[in-house]
Amino acid sequence: MRLLIINPNTTAAMTEKAAAATRPHVPAGTEIVLATGSFGPHYIASRASFAVAGHAALEAYAVHGAGCDAVLLACFGDPGLEAIREVAPVPVVSLIDAACAAAEAGGRRFSIITGGERWAPMLREMLLLRGLDGQLASIRTVAPTGGEIAANPEAAHALLAEACRQCASEDEAEAVILGGAGLIGIAAAIAHAVPVPVICSVQAGIDAVVAILRQNHGDVPPGARAHDPVGSVGLSDDLAALFAGRPAG
């Protein structure tokens with residue numbers, strides 16, 4: 001089996017962190033294919049960078065998607081998610097979907113914490129569009145961006161733990177999601193200091209995609225390959241081929 005991990009930003013170290021967290025959990029013999037955005041921002045922290053990252057994510061699938069049994073889109077905002085799902089004949093796992101499913105298990109109210117103030121309205125819109133806002137207690141952001149947190153995660157532990165405690169005490173959250181690939185591993189490090197479960201969005205995505213690989217069903221999600229072939233101008237050869245109706249890779 002082959003698992004494609006797509007990191008839509010251009011920071012390869014973040015892709016490697018996601019892969020390192022995934023490797024211990026995948027079935028034996030699974031090949032992990034890594035794809036980092038080949039253009040765009042180092043980290044996604046605004047609507048403009050999100051738009052570019054969606055293009056980069058689709059490009060990454062066009063280049064690396066051939067023969068994969070599942071795709072993990074390793075960004076909590078899921079740039080390019082629905083576009084990849086439209087053309088991919090395999091399951092494409094969303095960190096938002098996976099993390100929210102884990103957080104609201106048993107009917108729990110949950111909060112989301114992430115780095116960068118511009119993410120709050122963006123995430124609220126994403127959850128509303130997905131119908132995942134019913135159990136949402138709050139969305140809080142901390143001043144450092146996810147990229148800054150990733151560069152020195154230990155320095156953010158106290159800040160994130162306090163934000164989690166505020167979600168529990170002030171927002172009545174019964175679970176808290178740490179959203180973003182830049183926050184990978186921090187949930188486990190601060191869980192002892194928070195009175196409610198703390199969920200790592202990346203680990204939730206890994207758990208979801210590993211469950212798919214273990215089932216080894218390779219079902220085609222609704223809408224896959226639903227687009228009609230169309231010509232294009234100015235795209236890479238791989239992405240132009242995808243628009244023309246040819247398989248990825």
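Derivation of every value follows stated rules applied to the coordinates shown; laboratory data play no part. Computed from a predicted model, the values in this text were never measured in an experiment. Here the Cβ positions follow ideal geometry from the backbone for every residue, glycine too, while neighbour counts run over all protein chains shown.
What to note about this one:
- Around the amide H of ALA88, modelled in the peptide plane, lie the amide H atoms of ARG225, all under 5 Å away and 5 or more residues distant in sequence or on another chain.
- 3J(HN,Hα) from dihedral phi, region 163-170, Karplus parametrisation 6.51/-1.76/1.60, rounded to Hz, x for glycine, proline: 4, 5, 5, 5, 4, 6, 7, 9
- Gaussian network model of the chain, springs between alpha carbon atoms under 10 Å - residue of PHE76, PHE39, PHE110 with greatest fluctuation: PHE39
- Where a label projected 7 Å from the Cα of ARG47 along Cα→Cβ would reach, residues of region 126-145 with amide N under 16 Å: 126-129
- Centre-to-centre, using Cα atoms only, region 125-187 and region 68-92 are separated by 23 Å.
- Cleavage-rule hits, GluC sites (Glu not before Pro), region 91-161, DSSP coil, Cβ neighbours within 10 Å at most 16: GLU117
- Around the amide H of ALA137, modelled in the peptide plane, lie the amide H atoms of PHE110, SER111, all under 5 Å away and 5 or more residues distant in sequence or on another chain.
- CD proxy at 222 nm, helix term only [per DSSP H run n ≥ 4: -39500 (n - 2.57); per residue of the chain; nearest 500]: -13000 deg cm²/dmol
- If you run the Gaussian network model on the chain, springs between alpha carbon atoms under 10 Å, then out of ALA211, ALA60, ALA150 the most flexible one is ALA211.
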